[in-house]
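Notes follow once the structure below has been shown.
The values are calculated or read from the model by the stated rules, or taken from the named source; none is laboratory data. Remember, it's a predicted structure, so these values are computed and weren't measured experimentally. For neighbour counting, all protein chains shown are included, and Cβ atoms are generated from backbone atoms with ideal geometry for every residue, glycine included. Heavy atoms of the whole protein, side chains included, go into the accessibility calculation; ligands, DNA and RNA do not. Shrake-Rupley method; radii C 1.70, N 1.55, O 1.52, S 1.80 Å.
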Amino acid sequence: MQNYAVRPVKGIRGEIAVPGDKSISHRSIMLGSISRGETTVRGFLRGEDNIATLNAFRAMGVAIDDDGETLRIAGKGLRGLSEPTDVIDCGNSGTSMRLLTGLLAPQRFYSVLSGDQYLRRRPMRRVLEPLVQMGACLYGREGGEKAPLAIIGRGLTGISYASPVASAQVKSALMLAGLYAEGETRISEPHLSRDHSERMFRHFGADIETGHGGVVVRSGRELEGRDIVVPGDISSAAFFMVAALIVPGSELLIRGVGVNPTRTGIIDILTAMGGSIELLDQREVSGEPVADILVRSSRLKGIEIAGEVVTRAIDEFPVICVAAANAEGRTVVREARELRVKETDRIAAMATNLRAVGVSVTETEDGMDIDGVERVAAGAVESFGDHRIAMSMLVAGLSAAGEIAVSDTECVATSFPTFFSILETVAVR
Ligand code: S3P
């Protein structure tokens, strides 16, 4: 088990670029594989989660060449995937498992999806239920709630589905199934979750409509291979944004970050807390908005966080907790129940870890109250096998009273394999 300790630093300074967006990287492999002709992907995130998706498509007969810079995917068309000869291992990746379930349900073959001990504990009925309504034949442990999942491919029929959760994974699974289902598949959600699938479906020429009522996908049209440039992942940038805000004497420029409005909740939240964050050189790349982000150290104050911004910042709560611990006053998080079913229960994990470094935290069923302190104390904490918990606590160490040691930090490689080396380049000692 790999442990890592971070000592307080004198500043976070310089210019960095973060690796490619995890959500967009997954989708580029999936759509590239089921398109006609070649798709090239630059800026692909070579994290463990995305490699799991890449291996899944290789196992279904798709030739994917990686020269270290550009991925070249020889698309097989909508009906070109072949039956995998073994269980597909999704590792820690919920996105791989949930989206693949939607894509595999209408194939003319049998497949099984499994993953690591954390993924096998996560809820899957949210995708199985609507897919079964479309006519899918799917099985899982605990009555279809948990992986391993067995998928007996068959013909599907489009439905109109109002998802009870704002989840891009549920929406995207149904959109992928909708490419094959008879008629049209209509999906609505309580708040708009990340819309990378909608954008990429359009980019590949799918028959799709979006609007206030949600998204509609119609089957029958082949997708065409495209050239994709993946922007930097705002969820990775978030760790360095918070680091630069909480360490006095910091100024950091993060280049080429995806700033899709369905993902910028972190910027809105940190700005409302008093953080100095500027978006520079806003542009569009492969149908996604991109900017450079300039962050300067700031005195943060506690705020209330609830409603639609929770969906737009869902992966950033662990590091938002660290910002809150360093803010003046109380931060109140509500309507964030989804955090309990992420890679780990992120409400419980962050409450435990922040208490271990002297911060008072009250857990509620759907959120938490965090009372900021002058300085977070030194201490030893756990990753709970969750990459974002590990990186958040390492960021906390940068402005703590002494060293913060985090155990079991290998998980960082699931989404941000270069986290440690980038940290070294910006930490002023
Ligand atoms: C993702 C969607 C989000 C997010 C996850 C990636 C995606 O999950 O938490 O890290 O790529 O679609 P939900 O859609 O389940 O909220």
If I ask for residues that are closer than 22 Å to Gly256 by Cβ and either open to solvent by 10 Å² or more (accessible area, probe 1.4 Å) or assigned to a loop (DSSP other than H, G, I, E, B) (or both), which ones from the range 39-48 would you list? Thr40, Arg42, Gly43, Phe44, Leu45, Arg46, Gly47
Just give me the residues in the range 102-127 being farther than 19 Å from Val170 by Cβ and of a type in the set (A, V, I, L, M), in sequence order. Val112
For the range 157-178, how many residues are more than 16 Å from the ligand (Cβ to nearest atom) and open to solvent by less than 10 Å² (accessible area, probe 1.4 Å)? 0
Name the one entry in Ile269, Ile187 that is within 16 Å of the ligand (Cβ to nearest atom), of a type in the set (Val, Ile, Thr) and in the same structural domain as Met30 (by TED's automatic domain parsing). Ile187
Among the residues of the range 391-409, is any closer than 30 Å to Thr95 by Cα, acidic (Asp, Glu), at pLDDT 95 or above and open to solvent by less than 30 Å² (accessible area, probe 1.4 Å)? no
Do you know which of the residues in the range 220-235 that are aliphatic (A, V, I, L, M) and away from the ligand (no atom under 16 Å from the Cβ) is surrounded by the fewest Cβ atoms within 10 Å (Cβ to Cβ)? Val229
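Do the conditions hold for Gly135, that is, is it in a strand (DSSP E or B), in contact with a Ser or Thr (Cβ under 6 Å, 6 or more places away or on another chain), small (Gly, Ala, Ser) and open to solvent by 10 Å² or more (accessible area, probe 1.4 Å)?
no
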Cross-chain or 6+ apart pairs with Cβ under 6 Å, the range 146-169 first and over 28 Å from Gly91 (Cα atoms), then within 15 Å of the ligand (Cβ to nearest atom) and not aromatic (Phe, Trp, Tyr): Tyr161/Pro130; Tyr161/Ile187; Ala162/Ser188
When you go through Gly275, Gly302, Gly287, Gly307 one by one, which is the residue that is open to solvent by less than 40 Å² (accessible area, probe 1.4 Å) and closer than 19 Å to Arg346 by Cα? Gly307
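Restricting to the range 49-67, and then to whatever is among the charged types (D, E, K, R) and in contact with a strand residue (DSSP E or B) (Cβ under 9 Å, 6 or more places away or on another chain), can you tell me which residue is least open to solvent (accessible area, probe 1.4 Å)?
Step one: filter the range 49-67 for residues among the charged types (D, E, K, R), giving 49, 58, 65-67.
Then drop every residue that is not in contact with a strand residue (DSSP E or B) (Cβ under 9 Å, 6 or more places away or on another chain), which leaves 58, 65-66.
Numbers: Arg58: 104, Asp65: 84, Asp66: 61 Å².
By that ranking, first place goes to Asp66.
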Please go through the range 88-121 and give me each residue that is hydrophobic (A, V, I, L, M, F, W, C), part of a loop (DSSP other than H, G, I, E, B) and surrounded by 15 or more Cβ atoms within 10 Å (Cβ to Cβ), ordered by number. Cys90, Ala105
How many residues, within the range 59-87, are in a helix (DSSP H, G or I) and closer than 28 Å to Gly256 by Cβ? 0
If we keep just the residues of the range 190-217 that are open to solvent by 70 Å² or more (accessible area, probe 1.4 Å) and part of a strand (DSSP E or B), which is farthest from Gly158 (Cα to Cα)? Thr210
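Identify, from the list Ile51, Ile24, Ile12, the residue that is assigned to a strand (DSSP E or B), modelled with pLDDT of 95 or more and among the aliphatic types (A, V, I, L, M). First the steps, then the outcome.
Details: Ile51 fails: assigned to a strand (DSSP E or B); Ile24 fails: assigned to a strand (DSSP E or B).
Residue meeting the stated conditions: Ile12.
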